[in-house]
Amino acid sequence: KDEIVQLNADVEKAQNEERAVLRDQRRRKHEEATTGLERLVKGINELESGGQDTREAREGAAAHARQVSAWLKVDINDSLKVLALLDEQVKTASATDAPEIRQQIANERRAVDEALAALLDNSERMQLLGLDNAPDLKYLDDTLAQRADILVARLQYLVQQRDGLSRQVAGAGAEEKKRLKEKVSSLDGRALETADNLKITIDLMNERKLDAAE
């Protein structure tokens, strides 16, 4: 716990690549804490099946579960802020810088997907431990709905751009045709990545019984 508190402080002070490295390190520590909690809850269940008193262990697990919840929401909020900044940067990025920024966007989206799934799992553990998980579920539902809207808008934009460039290929000269095809291929890749993120979001929405029809 102390190590994560120090990492939080270091992340706030760091910039650029150093901040990205520290954020990744912090995320790994959070994953370790989540794995440790999962093992602890499993052990408690096994002890209770054997008729043993687990009150003290349950209190420790409950405190751990609350902390994991807080850490996961820090990760999610941080990644969403970074994504918003990267989405703005990529709009004006040079041809040289754009691929790296798009890779950063893909990494952050994946981190959000994993953290949201982990938060849902943790909310279920909290319920098993007799804790109030309603605030976490509300946060999860709100975040999933907002994320779905953003990803749908992004996907529609990418498909529109791709289709528009595809129509230009037929009447283009050889050099222009090659350039357009490369752009279409790039947009295809980005659209597929966005669709994958959207599918994960929809799966989580379905688990929460949220309306994902649209």
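The values are calculated or read from the model by the stated rules, or taken from the named source; none is laboratory data. Everything numeric in this text was worked out from a predicted model, so none of it was measured. Every residue, glycine among them, receives a Cβ derived from its backbone with ideal geometry; neighbour counts consider all protein chains shown. Surface areas here come from the heavy atoms of the whole protein model, side chains and all, with no ligands, DNA or RNA. Shrake-Rupley method; radii C 1.70, N 1.55, O 1.52, S 1.80 Å.
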Tally of residues being open to solvent by less than 100 Å² (accessible area, probe 1.4 Å), of a type in the set (Lys, Arg) and farther than 24 Å from Gln104 by Cα across the range 149-178: 1
Test: residue in the range 46-69 that is small (Gly, Ala, Ser), at pLDDT 90 or above and within 15 Å of Ala115 (Cα to Cα): yes
Lone unmet requirement of (1) touching a residue at least 40 places away in the same chain (Cβ under 8 Å); (2) part of a helix (DSSP H, G or I); (3) closer than 30 Å to Arg66 by Cβ; (4) not charged (D, E, K, R) for Gln146: (1)
Some residue of the range 154-171 being out of contact with any Lys or Arg (no Cβ under 7 Å at 6 or more places or on another chain), over 21 Å from Lys81 (Cα atoms) and not in a helix (DSSP H, G or I): yes
Residue pairs meeting the criteria (Cβ under 8 Å; at least 6 apart or on separate chains; first more than 14 Å from Arg154 (Cα to Cα), in the range 171-191; second open to solvent by 100 Å² or more (accessible area, probe 1.4 Å) and of a type in the set (Val, Ile, Thr)): none
Pick from the range 82-129, criterion farther than 22 Å from Arg27 by Cα and aliphatic (A, V, I, L, M), ranking: surrounded by the most Cβ atoms within 10 Å (Cβ to Cβ): Leu129
Residues located in the range 54-77, provided they are open to solvent by less than 50 Å² (accessible area, probe 1.4 Å), in contact with a helix residue (DSSP H, G or I) (Cβ under 7 Å, 6 or more places away or on another chain) and without any contact (Cβ under 8 Å) to a residue 60 or more places away in the chain: Thr54, Ala57, Val68, Leu72, Asp75
Candidates Val11, Val82 - the one that is part of a helix (DSSP H, G or I), of a type in the set (A, V, I, L, M, F, W, C), modelled with pLDDT under 90 and more than 17 Å from Leu120 (Cα to Cα): Val11
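What residue, of Glu38, Glu46, Glu17, Glu88, is in a helix (DSSP H, G or I), without any contact (Cβ under 8 Å) to a residue 40 or more places away in the chain and under 19 Å from Gly130 (Cα atoms)? Spell out how you get there, then give the answer.
Details: Glu38 fails: without any contact (Cβ under 8 Å) to a residue 40 or more places away in the chain; Glu17 fails: under 19 Å from Gly130 (Cα atoms); Glu88 fails: under 19 Å from Gly130 (Cα atoms).
Among Glu38, Glu46, Glu17, Glu88, only Glu46 is in a helix (DSSP H, G or I), without any contact (Cβ under 8 Å) to a residue 40 or more places away in the chain and under 19 Å from Gly130 (Cα atoms).
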Odd one out for Asp132 among (1) assigned to a helix (DSSP H, G or I); (2) open to solvent by 60 Å² or more (accessible area, probe 1.4 Å); (3) at pLDDT 90 or above: (1)
